[in-house]
Amino acid sequence: MGLLDAAQQRNRRRDILREIVLLASGSQRYRGSREELVPLLTDPWCAIPLSVVVARLLRTPQAAARFSSAAVSAYSLTPAAIHRLRAWHHAA
């Protein structure tokens, strides 16, 4: 999340690299925090999708917005789904 934030806020590769250093060293805003979304120490396979995200962000920092919108659209309810849920609720 920190990488996406750095990319989306500033759109500069050096800010993404700086954020990677902060994350890896546990410095500044990451001091005392514990990674839950990508726990590399307990699940090394997490490095694969993390590497893909880092590579895409370094290639195109503007990709952060696409990552965010794709994640939200993958789990958000569409108007059609809301309509179906309401119809199902009224039928019950």
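The values are calculated or read from the model by the stated rules, or taken from the named source; none is laboratory data. All values reported here derive from a predicted model rather than from experimental measurement. Don't worry about glycine lacking a Cβ; one is built from the backbone with ideal geometry, like all the others, and counts go over all protein chains shown. These area figures cover heavy atoms from the full protein model, side chains too; ligands, DNA and RNA do not enter into them. Shrake-Rupley method; radii C 1.70, N 1.55, O 1.52, S 1.80 Å.
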Subject >> Cα gyration tensor shape of region 1-49, rounded if a/c is under 1.5, else prolate or oblate by comparing a/b with b/c >> reply: oblate
**OP:** Taking only protein heavy atoms into account and a 1.4 Å probe, give the accessible area per residue of the chain in Å².
**Re:** 79 Å²
**OP:** Report the charge-dipole magnitude of the chain in Debye, nearest 20, computed about the Cα centre from +1 at each Lys and Arg Cβ and -1 at each Asp and Glu Cβ.
**Re:** 360 debye
**OP:** Whenever you get a sec, compute what percent of the accessible area on the chain sits on carbon and sulfur atoms (1.4 Å probe).
**Re:** 61 percent
**OP:** Could you grab the relative contact order for the chain? Cα pairs under 8 Å, six or more apart, rounded to a whole percent.
**Re:** 31 percent
**OP:** Note down the nm distance, to one decimal, between modelled labels 7 Å out along Cα→Cβ at A47 and at R10.
**Re:** 2.6 nm
